[in-house]
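**Student:** If you scroll down you'll find the structure; I have some questions about it.
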Amino acid sequence: MNLRESTGIALGAIRANKLRSFLTLLGTIIGVASVIAVVSFVQGMNRFVSEKLLDAGSNVFEIDKFGFITNNDDYINALRRPDLTIDDAEALRLGVRHAAIVVASNGNSERIHYRARHLDGVKVKGESAGYEVINDYTIEQGRHLTEEDDQHRQLVCVLGPEVTEELFPGRDPIGKEVRIGEQTCQVVGVTKAKGKMLGQSQDRFAVIPVRTFQKFKSERGSITIDIKSLDQAALPVAIQEARNLLRGRRHIGPGKPDNFGITTADTWMEFYRTLTGGIFVVLIGVASIALVVGGIVIMNIMLVSVTERTREIGVRKALGARPHDILVQFLVEATTLSLSGGILGILLGVGLSLLVGAISPLPAGVSVPAILLGILMSSLVGIFFGSYPAFRASKLDPIEALRYE
Amino acid sequence: MLIRIHDLHRVYEVGSEQVHALNGVDLGVGANEYVAIMGPSGSGKTTLMNLIGCLDTASSGSYRLDDVEIGRMSDDDLARIRNQKIGFVFQTFNLLARADALHNVELPLVYAGIKHEERRKRAREALELVGLADRMKHRPNELSGGQRQRVAIARALVNRPSIILADEPTGNLDSTTGEEIMVAFEHIWRQGNTVIVVTHELDVAAHANRVVRMRDGKIESDTPNPQRRAAGAPA
């Protein structure tokens, strides 16, 4: 008896009990669907994050007071470090020879007023010239902030599109004066919308010159310095130059650690991978439990099926089926069953990730390895949990089986 | 001799007791015989049929089918013998409910490992032989009792077995339909097949050319039936 015959019999049996088969398969469907959804989702996220993080910030590194800190003790220690200042930024701008752009920035969150209207929780960023490259801002209307704006501590700002939509519905914001905290600034430009990233708006901000920010904002504190190297190859050189320069300015002796932090996009990517790796493991674990439960249900239904079809087994044996033929038949049937569940689960999982991708900003792609994994897992579930019922069927005594009512 | 049975015993353990279902049976059946095995229930006729049909193996004694000793064969070998040498016809037909007539008849050929086209062809021929050429695509529940049993006979014949083994083939049929089935057996016997019918109905046994009576696990009498009544002929 070949595989095609067995599969035909199996599909017939599934068709004959559609509802029962479907209910039996729910566990497998859910298990496989979650695996597909999780894998597709995490892969989509990875792609998305690496695009956003690495492309926008390619060959960019960031210097700040803290660096990449993931625990409280490090944070407490880092608080005692000296602040980074505009002077540091200026020194870096002059001293890092492999730097294309050096941008000093600072930020907080404030309320912005225009006449009677106001908007809360706007990210106010003090930035020096070149910020548009680091932040990937394109101007929609008006102009970007310039070196002169910064040097003269001008009270000017560039607004994100979400801010102008709220404050200037249907009106031209250029030349208008808005109040950012205590200061009144003239709007000189509006950027193009960037949309959302991981559910966060990227368009709800106001940029003012960093020197203006440092002059007026009470909680000015330490600034952040972003440096874009000349090209990818120059990145490590630029980092080394910046590091040596800052250590020199701060008189840090050889062998002593840095009292400032340098972060690259790779640092973030690494952290992100660790994070999603954890999520991945947990969700795969949950999905595996669903698959095991699904497998047990399949085993149960196969045992029922073997009992119900005892007579059929007897007839087949009388007509010349060897124990091995019966074993294969029921094994194929269990596998066909679980594989159908797997395929439904794949459809559901793919549908789910496409739906999530369509209605939310979270990215989700269809992952071919995930689909293959789903097929493999559901087949294995069928073979594993189908073995015992199939073995029982193959060992039935033909006389007893023929007599079974 | 097609079948040579010598001093065959079959002992069942029922609880702590031993039941001698067959207690020293000797029987020989030649090719193209038409034998009826009769006896009251508990006489051992079903046990004998199971042994002849290679569904069961004896506790002791010898059973040679086509000069091959069946005695201590493995399950796989028994399955092969059943597939190639035995054609079963059951009282309750035992057709697969979900399969059509053609597919039911094909089944022994599936286990014989015969290719699809060849299977189709031979199953068709067997169904034509029992007069069901126009019912090939019908499922058992779309067929009458007599038609179902004729499908079963076609299934028994399809792999050209040495013996057609029928267990109360008319037991679930009314007398008219039963007669129709006996006509079918008459026909296949006349074509050179060996037919063994297990029955307790005299009417059925009357068609055989030899009647074996059993009692208490032994053969009580084994007589030719010179007055055999050809099925389909007037009584």
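**Student:** Would the range B:101-121 turn up any residue that is open to solvent by 10 Å² or more (accessible area, probe 1.4 Å) and polar (S, T, N, Q)?
**Tutor:** So far as the range B:101-121 goes, no, none of its residues is open to solvent by 10 Å² or more (accessible area, probe 1.4 Å) and polar (S, T, N, Q).
**Student:** Assess whether A:GLN202 counts as being under 20 Å from A:ILE134 (Cβ atoms), surrounded by 15 or more Cβ atoms within 10 Å (Cβ to Cβ) and modelled with pLDDT under 90.
**Tutor:** Yes: the conditions hold for A:GLN202.
**Student:** Something else: Return the pair list, or none, for Cβ contacts closer than 7 Å from residues in the range B:46-62 that are within 18 Å of B:ASP77 (Cα to Cα) to residues that are assigned to a helix (DSSP H, G or I) and among the β-branched types (Val, Ile, Thr), at least 6 apart or on different chains.
**Tutor:** Between residues of the range B:46-62 that are within 18 Å of B:ASP77 (Cα to Cα) and residues that are assigned to a helix (DSSP H, G or I) and among the β-branched types (Val, Ile, Thr), the close pairs are B:ASN50/A:ILE399; B:CYS54/B:ILE81; B:LEU55/A:ILE399; B:ASP56/A:ILE399.
**Student:** Looking only at the range B:65-90, count every residue that is more than 8 Å from chain A (Cβ to nearest Cβ) and surrounded by fewer than 17 Cβ atoms within 10 Å (Cβ to Cβ) and tell me the total.
**Tutor:** Summing the residues that are more than 8 Å from chain A (Cβ to nearest Cβ) and surrounded by fewer than 17 Cβ atoms within 10 Å (Cβ to Cβ) in the range B:65-90 gives 9.
**Student:** Exactly one of (1) in contact with a helix residue (DSSP H, G or I) (Cβ under 7 Å, 6 or more places away or on another chain); (2) at pLDDT 90 or above; (3) open to solvent by 50 Å² or more (accessible area, probe 1.4 Å) is unmet by B:GLU180. Its number?
**Tutor:** (2)
**Student:** Would you check which residues across the range A:168-209 are of a type outside the set (D, E, K, R), in a loop (DSSP other than H, G, I, E, B), on the phi < 0 side of the Ramachandran plot and without any contact (Cβ under 8 Å) to a residue 24 or more places away in the chain and list them?
**Tutor:** Within the range A:168-209, A:PRO169 is the sole residue that qualifies.
**Student:** Give B:ALA36, B:ALA31, B:ALA21 a once-over and let me know the one that is touching a residue at least 60 places away in the same chain (Cβ under 8 Å) and under 28 Å from A:PRO323 (Cβ atoms).
**Tutor:** Every option except B:ALA21 fails the conditions.
**Student:** Also, quick follow-up: Say whether the condition of being open to solvent by less than 30 Å² (accessible area, probe 1.4 Å), assigned to a helix (DSSP H, G or I) and under 21 Å from A:VAL188 (Cα atoms) is met by at least one residue in the range A:124-146.
**Tutor:** Yes, some residue in the range A:124-146 is open to solvent by less than 30 Å² (accessible area, probe 1.4 Å), assigned to a helix (DSSP H, G or I) and under 21 Å from A:VAL188 (Cα atoms).
**Student:** Among the candidates A:PRO257, A:PRO236, which residue alone is over 30 Å from A:CYS185 (Cα atoms) and assigned to a helix (DSSP H, G or I)?
**Tutor:** Exactly one of A:PRO257, A:PRO236 is over 30 Å from A:CYS185 (Cα atoms) and assigned to a helix (DSSP H, G or I), namely A:PRO236.
**Student:** Taking the stated definitions as given, is A:PHE391 more than 14 Å from chain B (Cβ to nearest Cβ) and farther than 18 Å from A:VAL38 by Cβ?
**Tutor:** Considered against the rule, which asks whether it is more than 14 Å from chain B (Cβ to nearest Cβ) and farther than 18 Å from A:VAL38 by Cβ, A:PHE391 comes out as no.
**Student:** Name the single residue that is farthest from A:GLY221 (Cα to Cα) among those in the range A:83-99 being out of contact with any helix residue (DSSP H, G or I) (no Cβ under 8 Å at 6 or more places or on another chain) and open to solvent by 60 Å² or more (accessible area, probe 1.4 Å).
**Tutor:** Once the filter is applied, the top-ranked residue is A:LEU94.
**Student:** Give just the number: which of (1) surrounded by 14 or more Cβ atoms within 10 Å (Cβ to Cβ); (2) in contact (Cβ under 8 Å) with a residue 40 or more places away in the chain; (3) more than 41 Å from the chain's Cα centre (by Cα); (4) part of a helix (DSSP H, G or I) does A:HIS324 not satisfy?
**Tutor:** (1)
**Student:** Among the helices (runs of 4 or more DSSP H) confined wholly to the range B:97-204, which include 2 or more residues that are within 12 Å of chain A (Cβ to nearest Cβ)?
**Tutor:** B:101-111, B:116-129, B:145-157
The values are calculated or read from the model by the stated rules, or taken from the named source; none is laboratory data. Remember, predicted model here, so these are calculated numbers, not experimental data. With ideal geometry, Cβ positions are generated from the backbone for all residues, glycine too; neighbour counts draw on all protein chains shown. Heavy atoms of the whole protein, side chains included, go into the accessibility calculation; ligands, DNA and RNA do not. Shrake-Rupley method; radii C 1.70, N 1.55, O 1.52, S 1.80 Å.
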